[in-house]
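The values are calculated or read from the model by the stated rules, or taken from the named source; none is laboratory data. Note that the structure is predicted; figures quoted are calculated from it, not measured. Using ideal geometry, Cβ is built from the backbone for each residue, glycine included, and neighbour counts are taken over all protein chains shown.
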C-alpha cells in the first residue's frame, strides 16, 4: 500500500516582525494525499488550539501542507489569522517549551520546541505552570496534545531497515559538471533506482573536497549515484563515506516531559535576508 508523509506547517509572526514555524507530520495511505483535507484539519482544530498557547504578541498567519513527488513538491498554503492569548505576555524570543514526545511503540522520542509561550510559565529558566494561570496553561496544552494524537499526527524518524551507508570508492566529473559517485555498501538496494534522494557524504579526499555534507543525488543503480546539480570538484584522491537516511512515520502518543528550552527565531518575515546571496557551486 502506498504511503506518503505530509508535512504540515504553521507560521507564526510576532510584534517585532520576526517569527517561527512549527511543524507536524501526517501519514497518508495514498501516494496523492488530499492537501485540502490537511489544511482543513490544521485550520479547524490544530491552529486554534495552538493559538491559545501563544502570547499576546504572536499570531498564526499561515498554514501549509506539502509532500514530495518526483521532481517537485506538491504544496498548498492558506493565509489565516489566529491571534495569541491577549491576556498573556510573552517571554524572551529565544525561549521555548521543549516538549518530549514518544511514539505509540514507546521506542522513539522527538523534541518539539514550542515558541511564543506565556511569560508566566517560565521562572528562573525552569518550567513552572503554577497556580490558576498555570492550570489554565496545562489544560490548553493537554487539549492540543489530545487533538494531535487524535488527528494521527507525528514525525518522520530514521529507520535502520530503510537506511543505507558505506564507502565512496570513486567519482568522476562529467562534461555537464555533474558528479557520478561509485559507492559500496551492504544495504544499497534500499535506495530506490531513479529516485532523487538526499545523501550525506564525508571524508572524501581526506575531508578537503567540496563534496561534503548533504547532496541531492539521483540513484542510477545500487552502486552509482549522480548529483542533480553541478558541483565543482577536483580529482578523486581518497575514499570517503556516504549515508542515506531512510525514514518511517512515528505517531504521537504522549508528552513524556516538558522543560524550558532555547530556540532562536529566524530573520523577519517579508523582508530581504541580511546575508549574501547563495553562490553557485560550479
Selection from the range 211-220 of residues in contact (Cβ under 8 Å) with a residue 40 or more places away in the chain and either more than 22 Å from residue 235 (Cβ to Cβ) or part of a loop (DSSP other than H, G, I, E, B) (or both) yields 211
Checking residue 198 against (1) at pLDDT below 95; (2) outside the structural domain of residue 95 (by TED's automatic domain parsing); (3) crowded, with 16+ Cβ neighbours inside 10 Å, only one condition comes out false. Which one?
(3)
Only one of 96, 75 that is touching a strand residue (DSSP E or B) at 6+ places or on another chain (Cβ under 7 Å) and surrounded by fewer than 19 Cβ atoms within 10 Å (Cβ to Cβ)
75
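Per-residue answers, yes or no, for (1) touching a helix residue (DSSP H, G or I) at 6+ places or on another chain (Cβ under 9 Å); (2) without any contact (Cβ under 8 Å) to a residue 12 or more places away in the chain; (3) crowded, with 18+ Cβ neighbours inside 10 Å:
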| residue | (1), (2), (3) |
| --- | --- |
| 66 | yes, no, no |
| 89 | yes, no, no |
| 103 | no, no, yes |
| 107 | no, yes, no |
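Picking from 191, 255, which residue would you name as being touching a helix residue (DSSP H, G or I) at 6+ places or on another chain (Cβ under 6 Å) and either under 30 Å from residue 96 (Cα atoms) or surrounded by 16 or more Cβ atoms within 10 Å (Cβ to Cβ) (or both)? Don't jump to the end; show me each part of the working.
Numbers: 191 fails: touching a helix residue (DSSP H, G or I) at 6+ places or on another chain (Cβ under 6 Å).
The unique qualifying residue is 255.
Evaluate the following for residue 171: is it farther than 27 Å from residue 39 by Cα, outside the structural domain of residue 233 (by TED's automatic domain parsing), surrounded by 14 or more Cβ atoms within 10 Å (Cβ to Cβ) and in contact (Cβ under 8 Å) with a residue 60 or more places away in the chain?
Against the criterion (farther than 27 Å from residue 39 by Cα, outside the structural domain of residue 233 (by TED's automatic domain parsing), surrounded by 14 or more Cβ atoms within 10 Å (Cβ to Cβ) and in contact (Cβ under 8 Å) with a residue 60 or more places away in the chain), residue 171 does not qualify.
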Subset of the range 68-83 [modelled with pLDDT under 95 and either under 27 Å from residue 134 (Cβ atoms) or out of contact with any helix residue (DSSP H, G or I) (no Cβ under 8 Å at 6 or more places or on another chain) (or both)]
68, 69, 70, 71, 72, 73
Any chance the range 231-245 includes a residue that's within 21 Å of the chain's Cα centre (by Cα), part of a strand (DSSP E or B) and in contact (Cβ under 8 Å) with a residue 12 or more places away in the chain?
yes
Going through (1) more than 21 Å from residue 253 (Cα to Cα); (2) in contact (Cβ under 8 Å) with a residue 60 or more places away in the chain one by one, residue 27 fails only at (1)
